[in-house]
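Reading through the structure tokens given below for one structure.
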Amino acid sequence: MSKEILSSRFREERQRLELSHEQTGKICGVSKNSVIAWEKGAKIPADILIALMPYGFDPVYILTGQRSAETLPPREAALLDNYRNSDEQGKRTIEGVAGLAAQPPKMRANDSG
């Protein structure tokens, strides 16, 4: 596996999670310059990949190029958590709102009047 591929996937994960170099460095206990170096090909320590897992990083993707089934961006994970912790009425409400939000804007406008 080339360093360039690992570095590129690491950058993809950081960007997917909408984290800055500074935010990522803070999570890892390093400077933003270390994060930039990793994205330019410096060796990424295994303990860094482990430390980033609770924040949504997918180390399986970084190492293999295949996504873990359980990896969700934080906003999606929070939405799923809210759904799972809702009662039946809350779940029906979330499902209804999600269904409306997924419709094309033209259809939503027609439904309102």
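Collect the residues in region 27-58 that are within 14 Å of the chain's Cα centre (by Cα) and either more than 22 Å from Leu72 (Cα to Cα) or surrounded by fewer than 16 Cβ atoms within 10 Å (Cβ to Cβ) (or both), keeping them in residue-number order.
Those that are within 14 Å of the chain's Cα centre (by Cα) and either more than 22 Å from Leu72 (Cα to Cα) or surrounded by fewer than 16 Cβ atoms within 10 Å (Cβ to Cβ) (or both): Met53, Pro54, Tyr55.
If you go through region 62-98, how many residues are of a type in the set (Val, Ile, Thr) and part of a loop (DSSP other than H, G, I, E, B)?
1
In region 43-93, how many residues are in contact (Cβ under 8 Å) with a residue 24 or more places away in the chain and at negative phi? Before you say what the answer is, go through the steps one by one.
Here is the first cut: in region 43-93, the residues in contact (Cβ under 8 Å) with a residue 24 or more places away in the chain are 43-44, 51-52, 55-58, 61-63, 65, 73-74.
The next check asks that each one be at negative phi; those that pass are 43-44, 51-52, 55, 57-58, 61-63, 73-74.
The qualifying residues number 12.
From the residues in region 1-26 that are surrounded by fewer than 16 Cβ atoms within 10 Å (Cβ to Cβ) and among the hydroxyl-bearing types (Ser, Thr, Tyr), which one is nearest to Ser68 (Cα to Cα)?
Per the stated criteria, the residue is Ser8.
Considering only residues that are out of contact with any helix residue (DSSP H, G or I) (no Cβ under 9 Å at 6 or more places or on another chain) and modelled with pLDDT under 85, which ones fall in region 41-77?
Selection gives Ala69, Glu70, Arg75, Glu76, Ala77.
The values are calculated or read from the model by the stated rules, or taken from the named source; none is laboratory data. If you're wondering where the values come from, they're calculated on a predicted model, not measured in any experiment. Note that each Cβ is placed from the backbone with ideal geometry, even for glycine, and that neighbours are counted across all protein chains shown.
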